[in-house]
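> Take a look at this one; I'll ask things after.
The values are calculated or read from the model by the stated rules, or taken from the named source; none is laboratory data. Keep in mind that what you see is a predicted model, and the values were worked out from it rather than measured. Note that we place each Cβ from the backbone using ideal geometry, even for glycine, and neighbour counts take in every protein chain shown. Accessible surface is based on the protein model in full, side chains and every heavy atom, while ligands, DNA and RNA are left aside. Shrake-Rupley method; radii C 1.70, N 1.55, O 1.52, S 1.80 Å.
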Amino acid sequence: MNNLKKHKLNFSLMIVGAIAVIILVNVFVTMLTNKLPIKLDMTANGVYSISDQTIEFLKTYDNPTDIYILASETEQDENVRAVLDKYAEKNSNIKITNINVDSNPTFGRDYVENGESLTANSVIVDGGERFKMYELIDLYGINEQSGSVNSLNVESKITSALKYVSSDETLKAYFVKGHNETDLTSGAVQKLTDENYEVSDINLVTEDIPDDASLIIIAAPTTDFSTAETAKLESYLSKGGNAHFYFDIKSIGLTNLYDYLRSWGIEVHDDAVVETNISENAVALSGSNMYLIIPEIKSNELTDSIIENKRTLAYFPYSKSIKVLFESSGDVSVVPLLSSTSDAYTTTNFDDKTKTDEDETGEFTVAALAVNSKYGSVIYVSGNTMLMSIPPKQVSNGFGFANYDYFMNINNLMTGSTESFDVGGKTLVGNVITIKPIQQLVIGFIFAILIPAAALIIGIVIWFKRRRL
């Protein structure tokens, strides 16, 4: 065999070898990605990732749990599956399984009742003794005004479900009735139910507060409490209970209730706080002339995460003012949490709320928290209902406010929950894929240096070999 034929054969073998290597690499990568879900979440806010809080929670999660997706792999919602896979990656106790209900129609009978039926792409989190089930629509955030999908809520739901199915504790919240309170069924009640609380009503005229009450909520009463009812409040709180007191400008003349709260260092005033700095501290409610006021948030362990993430709270136009009577007295300590700006004023002219010379101007507290270290009790007092009658999804997704995160932070403090945290939805609207600096370096190195260098070296080798022909 002469040199020309020999070089041609070697060159052909090199080409065949290169093609074989490429095929083998492709097969290897395909097999690897099938075994290990190697996926990069390059969205700006990590839509398909899970938070550090959830990751820390999963490090100690030891309850064997099945998560069923009621759809085949070809029909499943890929957004939901991408997030669920993160849970299985971080904890071997969690197993994800697809269930095709068409071919397995008897599956799920234990998860439904009262003639209900399972829907496609529902997700069931089964921890053995307890389970949680979500329909696909529950895993997305819907803009209440436009009806469009704007966020992915998989992490908030699944993490909450895992906490629920792995716990033996049942938190119970009671809403006090009998004083023309505001109905919070669509708002706070729904949020507490979503967070695995058992929710009931209670009438203090005829009932005592149960010992198993994790917290009670009094929502904007318009008639006063009797001395017997305030005595029941004191009895409950002196045994380590917790309470929310929400007022509104329509809550007037609640003498007995106001007197009781003064013992906790909080004085509620029958007035209306009017915010004048509308351009910076209010937002217009779409479709109406109504404004929502954005209060000033005081730094505190309950609010620091909201401040750091530059999230906002809001309430309907007016609030009662609250005075903190002392920072600390005996076993009770009080901290203000929310206030108006220094441009606000208070008025008792509830008809037109026009400022007069007698009206006081300045910064006014509109929400405060008191803790009794002896009893281990916590009370929260707000001069407004903080949108607590509005559905959680509308407040968080439709309006973009952190009211319910704030609400749950308070509840977690009250109940002493060390694992509780509220994970917000990840926005999908206008979600631009961005590349992190380290990703930029890796991709830049591969495409700008590694591949061109490899091509150059191969070209030089071929050139030298062909030159010798």
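> Just to check your reading of the model, which residue among Tyr380, Tyr406 is aromatic (Phe, Trp, Tyr) and in a strand (DSSP E or B)?
Among Tyr380, Tyr406, only Tyr380 is aromatic (Phe, Trp, Tyr) and in a strand (DSSP E or B).
> Here's a follow-up. Looking at segment 228-242 only, could you name the residues that are in contact (Cβ under 8 Å) with a residue 60 or more places away in the chain, among the small types (Gly, Ala, Ser) and either open to solvent by 10 Å² or more (accessible area, probe 1.4 Å) or farther than 9 Å from Ile216 by Cβ (or both)?
If the condition is that a residue be in contact (Cβ under 8 Å) with a residue 60 or more places away in the chain, among the small types (Gly, Ala, Ser) and either open to solvent by 10 Å² or more (accessible area, probe 1.4 Å) or farther than 9 Å from Ile216 by Cβ (or both), then Ser238, Gly240 are the ones that fit.
> All but one of (1) over 30 Å from Ser156 (Cβ atoms); (2) among the β-branched types (Val, Ile, Thr); (3) in contact (Cβ under 8 Å) with a residue 60 or more places away in the chain hold for Ile379; which doesn't?
Ile379 satisfies every listed condition except (1).
> A further question follows. Starting from segment 281-293, take each residue that is buried (at least 16 other Cβ atoms within 10 Å of the Cβ) and list its partners that are modelled with pLDDT under 85 and assigned to a strand (DSSP E or B), counting only C-beta distances under 7 angstrom and pairs at least six apart or across chains.
Tyr291/Ala284
> Looking at (1) over 19 Å from Leu139 (Cα atoms); (2) touching a residue at least 60 places away in the same chain (Cβ under 8 Å); (3) not acidic (Asp, Glu), find the lone condition where Val101 falls short.
(2)
> Scan segment 321-342 and tell me whether some residue there is in contact with a Leu (Cβ under 8 Å, 6 or more places away or on another chain), in a helix (DSSP H, G or I) and open to solvent by 20 Å² or more (accessible area, probe 1.4 Å).
Checking segment 321-342: not a single residue is in contact with a Leu (Cβ under 8 Å, 6 or more places away or on another chain), in a helix (DSSP H, G or I) and open to solvent by 20 Å² or more (accessible area, probe 1.4 Å).
> For segment 254-283, name all the residues that are among the hydrophobic types (A, V, I, L, M, F, W, C) and under 24 Å from the mean Cα position of the chain (by Cα).
Ala282, Val283
Yes/no per residue for (1) surrounded by fewer than 17 Cβ atoms within 10 Å (Cβ to Cβ); (2) without any contact (Cβ under 8 Å) to a residue 60 or more places away in the chain:
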site: Ala71; (1), (2): no, yes
site: Val83; (1), (2): no, no
site: Thr97; (1), (2): yes, yes
site: Phe107; (1), (2): yes, yes
site: Ser117; (1), (2): yes, yes
site: Tyr134; (1), (2): no, yes
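> Continuing with this model, one more query. Quick check on segment 50-76: of everything there that is touching a strand residue (DSSP E or B) at 6+ places or on another chain (Cβ under 8 Å) and polar (S, T, N, Q), which residue is modelled with the highest pLDDT?
Restricting to residues being touching a strand residue (DSSP E or B) at 6+ places or on another chain (Cβ under 8 Å) and polar (S, T, N, Q), the top hit is Thr65.
> Based on this model, can you work out whether Thr223 counts as open to solvent by 50 Å² or more (accessible area, probe 1.4 Å) and either under 30 Å from Asp351 (Cβ atoms) or of a type outside the set (Lys, Arg) (or both)?
Yes; evaluated as a whole, the condition is true for this residue.
> Might you check whether a residue that is open to solvent by 60 Å² or more (accessible area, probe 1.4 Å), under 22 Å from Ala220 (Cβ atoms), in a loop (DSSP other than H, G, I, E, B) and in contact (Cβ under 8 Å) with a residue 24 or more places away in the chain occurs anywhere in segment 297-305?
No: segment 297-305 contains no residue that is open to solvent by 60 Å² or more (accessible area, probe 1.4 Å), under 22 Å from Ala220 (Cβ atoms), in a loop (DSSP other than H, G, I, E, B) and in contact (Cβ under 8 Å) with a residue 24 or more places away in the chain.
> Right, here's the next one. Applying the selection to segment 277-296, what residues are in contact with a Ser or Thr (Cβ under 8 Å, 6 or more places away or on another chain) and assigned to a loop (DSSP other than H, G, I, E, B)?
Passing the criteria: Asn277, Ile294, Pro295.
> Output the number of residues of segment 306-319 satisfying the condition of being assigned to a loop (DSSP other than H, G, I, E, B), out of contact with any strand residue (DSSP E or B) (no Cβ under 6 Å at 6 or more places or on another chain) and open to solvent by less than 10 Å² (accessible area, probe 1.4 Å).
Number of matching residues: 1.
> If you check Lys374, Lys320, which single one turns out to be among the charged types (D, E, K, R) and closer than 20 Å to Ala219 by Cβ?
Lys320
> Which of the residues belonging to segment 343-379 are open to solvent by 60 Å² or more (accessible area, probe 1.4 Å), under 19 Å from Ile266 (Cα atoms) and touching an Asp or Glu at 6+ places or on another chain (Cβ under 6 Å)?
Ser373, Lys374
> State all residues of segment 243-269 that are in a loop (DSSP other than H, G, I, E, B), more than 29 Å from Asp352 (Cα to Cα) and open to solvent by less than 50 Å² (accessible area, probe 1.4 Å); if no residue qualifies, say none.
Matches in segment 243-269: Trp264, Gly265.
> Residues to consider are Glu198, Glu169, Glu207; find the one that is of a type in the set (Asp, Glu) and farther than 20 Å from Leu237 by Cα.
From the options Glu198, Glu169, Glu207, the qualifying one is Glu169.
> Return only the number of the condition from (1) open to solvent by 40 Å² or more (accessible area, probe 1.4 Å); (2) modelled with pLDDT under 80; (3) under 23 Å from Thr159 (Cβ atoms) that Glu89 does not satisfy.
So the condition that Glu89 fails would be (2).
> Name the residues in segment 222-253 that are closer than 21 Å to Pro210 by Cβ, more than 31 Å from the chain's Cα centre (by Cα) and hydrophobic (A, V, I, L, M, F, W, C), would you?
Phe225, Ala228, Ala231
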